[in-house]
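What follows is a single structure, written as structure tokens, with notes after it.
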Amino acid sequence: MAVSGLLFIGFVLGHMYGNLKAFAGEEAFNEYAHHLRELGEPMLPHEGFLWIMRVGLIVAVIVHIACAVALWRRAAAARPVKYVAKKNTGSSLSSRTMRWGGVTLLVFIVWHLLNFTIVKVNPSNGETGGDNPYGLLVDTFDTWWMTIVYLLAMVALGLHLHHGTFSSLQTLGFTNSAVSRARARATGWIVAIVIAGGFSLVPLSVLVGIIEK
Amino acid sequence: MNLTLKIWRQSGPDDKGGIHTYQVSGISQDMSFLEMLDVLNEQLNEKGEEPVAFDSDCREGICGMCSLMINGEAHGPEVTTTCQLHMRSFNDGDTITIEPWRAEPFPVIKDLVVDRSAFDRIIQSGGFVSANTGSAPEANSVPAPRDKAMRAFNVATCIGCGACVAACPNGSASLFVGAKITHLGELPQGQPERWTRVVDMVGQHDHEGFGGCTNIGECAAACPKEIPLDVISQLNKDLRTALANGH
Amino acid sequence: MAGSTLHDGLTPLNEPSVQKSDDAHGYYTLGENIVDPVAPTGPIADRWTTRKFENRLVNPANRRKLDVIIVGTGLAGGAAAATLGEAGYNVKSFCYQDSPRRAHSIAAQGGINAAKNYKEDGDSTFRLFYDTVKGGDYRSRESNVYRLAEVSANIIDQCVAQGVPFARDYGGLLDNRSFGGVQVSRTFYARGQTGQQLLIGAYQAMERQVAAGTVQSFTRHEMLELIVVDDGTGPRARGIIARDMVSGEIETHLADVVVLATGGYGNVFFLSTNAMGSNVTAAWRAHRKGAYMANPCYTQIHPTCIPVSGEHQSKLTLMSESLRNDGRIWVPKKKEDCDKDPRDIPEEDRDYYLERIYPSFGNLVPRDIASRQAKNMCDEGRGVGPMVGDFRRGVYLDFADAIKRLGKDAIEEKYDNLLDMYERITGENPYEVPMRIYPAVHYVMGGLWVDYHLQSNVPGLFVSGEANFSDHGANRLGASALMQGLADGYFVLPNTIREYLADGPFEKIDESHPAVVEAKQNVEDRVAKFLSINGTRSADSYHKELGNIMWEYCGMERTEEGLRKAIDLIRELKADFWSNLKVLGSADTLNQSLEKAGRVADFIELGELMCIDALNRRESCGGHFRGESQTEDGEALRHDDEFAYVAAWEWGGDSLEGGQPVLHKEDLIYTAIEMKQRSYK
Ligand SMILES: Cc1cc2nc3c(=O)[nH]c(=O)nc-3n(C[C@H](O)[C@H](O)[C@H](O)COP(=O)(O)OP(=O)(O)OC[C@H]3O[C@@H](n4cnc5c(N)ncnc54)[C@H](O)[C@@H]3O)c2cc1C
Ligand code: HEM
Ligand code: HEM
Ligand code: SF4
Ligand code: F3S
Ligand code: FES
């Protein structure tokens, strides 16, 4: 769980970095997307790196979901009778919403792939996309409800990462003292804010017109 | 003080059980929570109703026998055991909901009493140092660094009450197991069995039906002995090391 | 130091006592004097080693065939179960709590003594032995105490090997402190939770044997009867009847030998520092089956406990005695001031009575004196705190001077958790308002009579820990009960029980044996009786009333008149109990009222015997004070010429049916230490 989670964090960090290229303009962004596909050539075939990454991600998603389902089922089995009254005193909202937050993310990712990678959901009806991801991106976020969907997803992502980062460090046994635990918590905040915030910049900027075609 | 108590009553393991409402009066601020229940029981006895069963023994916060989920908090609103919780933490006219610990491995025996023998079985699986009587070397022949000994002590104060399980949304006993792993793992005497211990204890924990830990942290907040979350991290670390070394 | 170190230890230093007074005349019958049949002889330092060698061994292959029942999982029982399990016997362990780890040993705070002499401050086995005998006011057996001192060092080794996290110094070696007015630092401790850590060590060792299959653990099981069977070689303890407290089933458990390690009976006073469930039932049932109860009136009262706050108080909480090092104890001079805010009472209106009466020891007088004087002040009407009944039961323990002198931080560092605990319980901040304290029953030195092998007069019944009477005489020195529990459990019992078991396995008996059937029937009848009386009063209310009688007349200070009155009151209470008790619910589920009823029934009978024992012992000795036996200036006066004996009482039938206990005396003869009177003026 922790390993797949950390892998995701690595991926979204990289992905966010890539997205921010949108600020550098159409060319740089498309160049970057193109470059991704050529990375490792000629040692790897075209899109080789991308596929390695995709396979890695798919495996991670499977592992991650399998773990999540297992934990969920164990938890449900461990408390078949619920409390009439139960208060939360030591936990964060994020830690309690990991499961439904994760499901939300899963739904979002499917949506997102349809949107950007498979290019099935396209607000501009296939005019952009494919060779011009930049155009697709701007078209997408020029649509207000798309932006809202993305922003909501980023809230879910931020929450998931806030706890997930800390949790994975704790699960891997790196938080053996009060100090290191506080540090892991801080890391959780930073990762959540940087990633969710970083991702949000692009759609917001498109919406207010800082980024345009 | 006058109070309304909503108490889980269940006549036996097979009964379905449910919440019953009682009124108690004449409660003083200086009473402990359990003494308040004693008063209720005395009143029930007079009325010919069977008293509410609940566990307690030392009534000074050290044996771990008392339990109770009070208004949704394990051992109630203070960081202490139920027997050391006093009625001055409540107000006249309050309604208090009292439930047993809820976890599949802690089945209800009657009313508010649950069976926590799963904890004993977890200790049996490895929560000890194998040192037969009479075979011990001179106590000072192996010094134990003071900071490690202090950490061992801090977590050895676990009273085995089960509040961590009761509070954990996953029904996990990781704090309890982590406390023992850390206690014995910090001392030189605990080293020889360190890696098998963690594998065996975690195995037994899972086998008993406790949930997995997702680091939510309700357990440490509920723990009357303030066992910190780092014991769970220590548990994970030891487990990772043990598995990596083929234990 | 005792000049007696030079004594050869072979010729007695005192004469057997001859009792002249007979206050308890009419309440008992005098039986024959007894002696310890296995008392060792020879130089005191060699006695235990020699005995260990002499005691026969049991072949490892035979151990598996020998069944051992151990009732109690405290230090004494838990350690014994672990050790006998390791040795390969077939052990069955019982406790009434839901886990062995909860035995009341867990509550011990201060520490455990051991003659390690790590501080090079002149400690030795002999000095620990000497201090313990002296602390017990020369009412213990010297051979037993010497053995205790001798194995004390092994206890520490054993506990450390198990992972008990004792306090350590910066070099990583074990730390010690001095405790209870002793001049050497020999007390090992784990902050204020020594008992907990030692017990968890024993518990873990025992659970390891459970996993290994040598120990079977029966939790939530209460022993309600001892099975004594005569197989032609004389009566022997062969098992117990226990009630499964969850299912209500009355079970028979048979064995070759039975060990009782069931702790103390301080709860006979209702309010004590004992756990709610601490009881005398196991011991009392054995007593009724023939085992002698020795010195039942010996109780220890601890001076610094949190006072009673109201009628509904269920137990008392100990505050470490160390508080007396810095706190000053006082009460108002004038009764009118008793309900004032103590901070408004000017210095000249305060009575620092310990400093006044005992100028040289002041607030640090021994436990019994501090306790008695606090009661005197309250009886005079100068107690403080809330009214409980007709009295205010509390005196001030004031840190104001110490805070001024040392600063709040220093006090905080020294006592923080104690003062926090006080605040939690009382709701008062002890840094601002003086603390209130009052004495409470804390420990019983009396218990089932045992010989040097810890075997009672019923063959096959061994008794260890607080449940026996053996090592503390008339008063217990701080940090020595833990030592005794573990000494008995780890080192003594395993070495003496094999001498008995070497004759086993004994003839197999089965559950249809008439003695077994009868024992079981008795228990079932008793349970049915409790449920059928259907009167008006709860068992708890009887317990409270008994406690009041005991505290009033058989507590810190006792008089002939008071004790006679107490005996009458207890007999009335007993008659009422059996006709007016009300226990609801059924016998076949968890039924806490039913459990309580059984315990209270036995406490009532025990209380009566305690009063008779106290009445007979017309001397002030150790932890207790007899009004008729004091010096001119009101201090305790011991009578070695009359009472240097162990009073071992034999059950003589129910007093309501005309029965009387039978007194057997065992003279205490010292060969290594001379008896001395104590003085604290
Ligand atoms: C608050 C407090 C502080 C203390 N501090 C110190 C200290 O600092 N140093 C020191 O040396 N001593 C101290 N003492 C004394 C010491 O702790 C006890 O005397 C000692 O621990 C008793 O141990 P034990 O094994 O004999 O009995 P316990 O630990 O009392 O164990 C009794 C066992 O018997 C079982 N049992 C009892 N009756 C039955 C029954 N009918 N059926 C089945 N099981 C039964 C119980 O379940 C339990 O397992 C303190 C005592 C108290 C109360
Ligand atoms: C595919 C949909 C997803 C689901 C169903 C899901 C679900 C879960 C669940 C149930 C947990 C365990 C709760 C916990 O450990 O606290 C978890 C943990 C975690 N998730 Fe996800 N998640 C998903 C996607 C993601 C994504 C996209 C990321 C990162 C970008 C991520 C990162 C993490 C991390 C770091 C953890 C912590 C691992 C640990 O505690 O060891 N997850 N997830
Ligand atoms: C506002 C936020 C986001 C934007 C603007 C964005 C944009 C894009 C774009 C343009 C692509 C196509 C890239 C290409 O084909 O070269 C892409 C692919 C992808 N994105 Fe995002 N993304 C965002 C958030 C996320 C998040 C939060 C996740 C995961 C949790 C994610 C997961 C993916 C994945 C898995 C791919 C497919 C990569 C591949 O295999 O080709 N994205 N995204
Ligand atoms: S870790 Fe804390 S809450 Fe859990 S059993 Fe131990 S003391 Fe109780
Ligand atoms: S609350 Fe539960 S999820 Fe883990 S951190 Fe505590 S055991
Ligand atoms: S009753 Fe012992 S901890 Fe509460």
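The values are calculated or read from the model by the stated rules, or taken from the named source; none is laboratory data. Not measured: the values here are computed from a predicted model. Ideal geometry is used to build each Cβ from the backbone, glycine not excepted, and the neighbour counts take in all protein chains shown. Side chains included, ligands, DNA and RNA excluded: accessible areas come from the protein's heavy atoms. Shrake-Rupley method; radii C 1.70, N 1.55, O 1.52, S 1.80 Å.
Considering the conditions (1) within 8 Å of chain C (Cβ to nearest Cβ); (2) in contact (Cβ under 8 Å) with a residue 60 or more places away in the chain, B:Leu34 is excluded by exactly one of them, (2).
Looking at C:Gly623, C:Gly607, just one residue is more than 30 Å from C:Leu531 (Cβ to Cβ), open to solvent by less than 40 Å² (accessible area, probe 1.4 Å) and within 24 Å of the chain's Cα centre (by Cα), and that residue is C:Gly623.
For every residue, the table says whether it meets (1) in contact with a strand residue (DSSP E or B) (Cβ under 6 Å, 6 or more places away or on another chain); (2) within 16 Å of ligand 6 (Cβ to nearest atom); (3) assigned by TED's automatic domain parsing to the domain that holds B:Phe33; (4) not small (Gly, Ala, Ser).
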{"site": "B:Asp120", "(1), (2), (3), (4)": "no, no, no, yes"}
{"site": "B:Ala163", "(1), (2), (3), (4)": "yes, yes, no, no"}
{"site": "B:Ala173", "(1), (2), (3), (4)": "no, no, no, no"}
{"site": "B:Gly185", "(1), (2), (3), (4)": "no, no, no, no"}
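Only a single criterion out of (1) facing another protein chain (nearest Cβ under 8 Å); (2) open to solvent by 50 Å² or more (accessible area, probe 1.4 Å) is not satisfied by B:Asn140, namely (2).
Restricting attention to the range A:186-213, the residues that are open to solvent by 60 Å² or more (accessible area, probe 1.4 Å), farther than 19 Å from A:Thr140 by Cβ and in contact with a Ser or Thr (Cβ under 9 Å, 6 or more places away or on another chain) total 2. Counted as qualifying within the range B:147-247 are the helices (runs of 4 or more DSSP H) with 2 or more residues that are charged (D, E, K, R) and open to solvent by 30 Å² or more (accessible area, probe 1.4 Å), namely B:194-208, B:230-244.
Only one entry in A:Ala68, A:Ala33, A:Ala77 is at pLDDT 95 or above, open to solvent by less than 70 Å² (accessible area, probe 1.4 Å), touching a helix residue (DSSP H, G or I) at 6+ places or on another chain (Cβ under 7 Å) and among the hydrophobic types (A, V, I, L, M, F, W, C), namely A:Ala68.
Would you mind stating whether C:Val492 is assigned to a helix (DSSP H, G or I), farther than 27 Å from C:Ala82 by Cα and at pLDDT 95 or above? Considered against the rule, which asks whether it is assigned to a helix (DSSP H, G or I), farther than 27 Å from C:Ala82 by Cα and at pLDDT 95 or above, C:Val492 comes out as no. Candidates are the residues of the range B:207-235 that are over 16 Å from the mean Cα position of the chain (by Cα) and under 12 Å from B:Ala179 (Cα atoms); the one that is farthest from the other protein chains (Cβ to nearest Cβ) is B:Leu235. Restricting attention to the range C:402-440, which residues are open to solvent by less than 60 Å² (accessible area, probe 1.4 Å), more than 14 Å from chain B (Cβ to nearest Cβ) and over 15 Å from C:Glu321 (Cβ atoms)? Within the range C:402-440, C:Ala402, C:Ile403, C:Gly407, C:Ala410, C:Ile411, C:Pro430, C:Tyr431, C:Val433, C:Pro434 qualify. Among the residues of the range B:107-133, those that are farther than 21 Å from B:His207 by Cα and without any contact (Cβ under 8 Å) to a residue 24 or more places away in the chain comprise B:Asn132, B:Thr133. Please go through (1) under 20 Å from C:Ala636 (Cβ atoms); (2) buried (at least 19 other Cβ atoms within 10 Å of the Cβ) for C:Gly362 and return the number of the only condition it doesn't satisfy. Here C:Gly362 meets the rest and fails (2).
Please go through the range C:525-544 and pick out each residue that is open to solvent by 70 Å² or more (accessible area, probe 1.4 Å) and assigned to a helix (DSSP H, G or I). Answer for the range C:525-544, where residues must be open to solvent by 70 Å² or more (accessible area, probe 1.4 Å) and assigned to a helix (DSSP H, G or I): C:Asp525, C:Lys529, C:Ser532.
Across the range C:176-216, which residue is surrounded by the fewest Cβ atoms within 10 Å (Cβ to Cβ) among those that are more than 9 Å from chain B (Cβ to nearest Cβ) and of a type in the set (D, E, K, R)? It comes out as C:Arg177. Scanning the range B:45-59 for residues that are without any contact (Cβ under 8 Å) to a residue 60 or more places away in the chain, within 28 Å of the chain's Cα centre (by Cα) and more than 20 Å from C:Arg102 (Cβ to Cβ) turns up B:Glu50, B:Pro51. Of the numbered criteria (1) out of contact with any strand residue (DSSP E or B) (no Cβ under 7 Å at 6 or more places or on another chain); (2) aliphatic (A, V, I, L, M); (3) crowded, with 22+ Cβ neighbours inside 10 Å, the one C:Ala237 fails is (1). Does A:Asn88 satisfy being at pLDDT below 90, outside any helix (DSSP H, G or I) and touching an Asp or Glu at 6+ places or on another chain (Cβ under 9 Å)? Taking the combined requirement at face value, the residue does not satisfy it. Of all residues in the range B:20-50 being in a loop (DSSP other than H, G, I, E, B) and in contact with a Lys or Arg (Cβ under 8 Å, 6 or more places away or on another chain), which is nearest to ligand 6 (Cβ to nearest atom)? The qualifying residue nearest to ligand 6 (Cβ to nearest atom) is B:Asp30. Of everything in the range B:51-72 that's closer than 18 Å to B:Arg9 by Cβ, open to solvent by 10 Å² or more (accessible area, probe 1.4 Å) and more than 14 Å from chain A (Cβ to nearest Cβ), which residue is farthest from ligand 6 (Cβ to nearest atom)? Checking each candidate, the answer is B:Pro51. Inspect the range C:577-587 for any residue being open to solvent by 60 Å² or more (accessible area, probe 1.4 Å) and part of a helix (DSSP H, G or I) and give the result as yes or no. Checked against the condition, which is being open to solvent by 60 Å² or more (accessible area, probe 1.4 Å) and part of a helix (DSSP H, G or I), the range C:577-587 yields at least one hit. Yes or no: C:Asn616 within 22 Å of C:Val444 (Cα to Cα) and polar (S, T, N, Q)? Yes.
Here C:Phe462 fulfils each of the conditions (1) within 28 Å of C:Val164 (Cα to Cα); (2) in contact with a Leu (Cβ under 8 Å, 6 or more places away or on another chain); (3) open to solvent by 10 Å² or more (accessible area, probe 1.4 Å) apart from (3). Within the range C:446-467, the set of residues being farther than 24 Å from C:Gln197 by Cβ and within 10 Å of ligand 1 (Cβ to nearest atom) comprises C:Gly447, C:Val463. Taking the criterion of being hydroxyl-bearing (Ser, Thr, Tyr) and without any contact (Cβ under 8 Å) to a residue 40 or more places away in the chain, the residues of the range C:612-671 that qualify are C:Ser620, C:Ser629, C:Thr631. Pairing each residue of the range C:270-295 that is within 12 Å of chain B (Cβ to nearest Cβ) and in contact (Cβ under 8 Å) with a residue 40 or more places away in the chain with any residue that is of a type in the set (S, T, N, Q) and away from ligand 5 (no atom under 16 Å from the Cβ), provided the two are 6+ apart or on different chains, yields C-beta distances under 6 Å for C:Asn274/C:Asn267; C:Ser278/C:Asn267. Just so you know, in the range B:148-169 the residues that are of a type outside the set (A, V, I, L, M) and touching a Cys at 6+ places or on another chain (Cβ under 7 Å) include one that is nearest to the other protein chains (Cβ to nearest Cβ), and it is B:Cys168. If you go through the range B:120-137 and keep only what is among the β-branched types (Val, Ile, Thr) and within 8 Å of chain C (Cβ to nearest Cβ), you end up with B:Ile123, B:Val129, B:Thr133.
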